[in-house]
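> Sharing a structure with you now.
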Amino acid sequence: MPICKPEDLAERLPPSTRLLCLDVGARTVGVAISDPSLTIATARTTIPRVRRFQEVGAALLALVDEANVGGVVVGLPLDLSGKAGPRAQASRAFARNLMALNDLPTAFWDERMSTNAALRPMLDADMSRAKRAASIDGAAAAFILQGYLDFIKNRGHVTNFGAF
């Protein structure tokens, strides 16, 4: 399935399915999942990218099957002026590779400042550096996904689970 506009993704989801969100970094992929009502995003895991893409893709597809995922949101790391640079190109390439393995509708969502926003509560809680490093990418993915979920709720696009 082709990449769709963010405002169209919710309409393409099968009923009672979840959204998977990916925060694609150079070394890891942070993963978050929504609840079936598309209201709350939860950090799920972080997958190291030191492996071949096929291994990372297989891990993501296993999660898609396990969690009944119906669509994917990929964080798009634009620079502060809104332009796409090398990191955004890498995220788009990762999404294309993942789409070659499945037919889930996929959309990109601006992830500017997501890592900083996810890091702030960890610093406020005086979390150790090691614990922050282990969980920051998943937390950033949850922040990205929550932004998207709030967007579709505010636009009235949630038709995923019946009457709302």
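The values are calculated or read from the model by the stated rules, or taken from the named source; none is laboratory data. As the structure is a computational prediction, the values presented were derived from the model and not from experiment. We place every Cβ from the backbone using ideal geometry, glycine too, and count neighbours over all the protein chains shown.
> Tell me, please, whether a residue that is among the basic types (Lys, Arg) and in contact with a strand residue (DSSP E or B) (Cβ under 9 Å, 6 or more places away or on another chain) can be found in region 52-73.
Scanning region 52-73, I find no residue that is among the basic types (Lys, Arg) and in contact with a strand residue (DSSP E or B) (Cβ under 9 Å, 6 or more places away or on another chain), so the answer is no.
> Might you check whether a residue that is among the basic types (Lys, Arg) and surrounded by 15 or more Cβ atoms within 10 Å (Cβ to Cβ) occurs anywhere in region 69-88?
Looking for residues that are among the basic types (Lys, Arg) and surrounded by 15 or more Cβ atoms within 10 Å (Cβ to Cβ), one finds at least one in region 69-88, hence yes.
> Oh, and also: Against the definition (under 15 Å from the mean Cα position of the chain (by Cα) and at pLDDT 95 or above), how does residue 106 come out, yes or no?
Taking the combined requirement at face value, the residue satisfies it.
> Evaluate the following for residue 55: is it at negative phi, surrounded by fewer than 15 Cβ atoms within 10 Å (Cβ to Cβ) and at pLDDT 95 or above?
So residue 55 does not fit the description; no.
> Same structure again: Anything in region 40-83 that is over 20 Å from residue 153 (Cβ atoms), in contact with a helix residue (DSSP H, G or I) (Cβ under 7 Å, 6 or more places away or on another chain) and either hydroxyl-bearing (Ser, Thr, Tyr) or in contact (Cβ under 8 Å) with a residue 60 or more places away in the chain (or both)? List them, or say none.
44, 45, 46
> When only residues in region 1-31 that are in a loop (DSSP other than H, G, I, E, B) and in contact with a Leu (Cβ under 8 Å, 6 or more places away or on another chain) count, which is surrounded by the most Cβ atoms within 10 Å (Cβ to Cβ)?
If we take residues in region 1-31 being in a loop (DSSP other than H, G, I, E, B) and in contact with a Leu (Cβ under 8 Å, 6 or more places away or on another chain), then 13 is surrounded by the most Cβ atoms within 10 Å (Cβ to Cβ).
> Which of the residues that make up region 32-51 are over 13 Å from residue 70 (Cβ atoms) and not in a strand (DSSP E or B)?
Selection gives 39, 40, 49, 50, 51.
> Go through region 1-51 and give me each residue that's closer than 14 Å to residue 94 by Cα and among the acidic types (Asp, Glu).
Of everything in region 1-51, just one residue is closer than 14 Å to residue 94 by Cα and among the acidic types (Asp, Glu), namely 23.
> Name the residue that is modelled with the lowest pLDDT, counting only residues in region 63-77 that are hydrophobic (A, V, I, L, M, F, W, C) and part of a strand (DSSP E or B).
Checking each candidate, the answer is 76.
> Among the residues of region 52-62, how many are aliphatic (A, V, I, L, M) and outside any helix (DSSP H, G or I)?
Number satisfying all stated conditions: 0.
> Of all residues in region 15-45, which are among the small types (Gly, Ala, Ser) and on the phi > 0 side of the Ramachandran plot?
The one that is among the small types (Gly, Ala, Ser) and on the phi > 0 side of the Ramachandran plot: 16.
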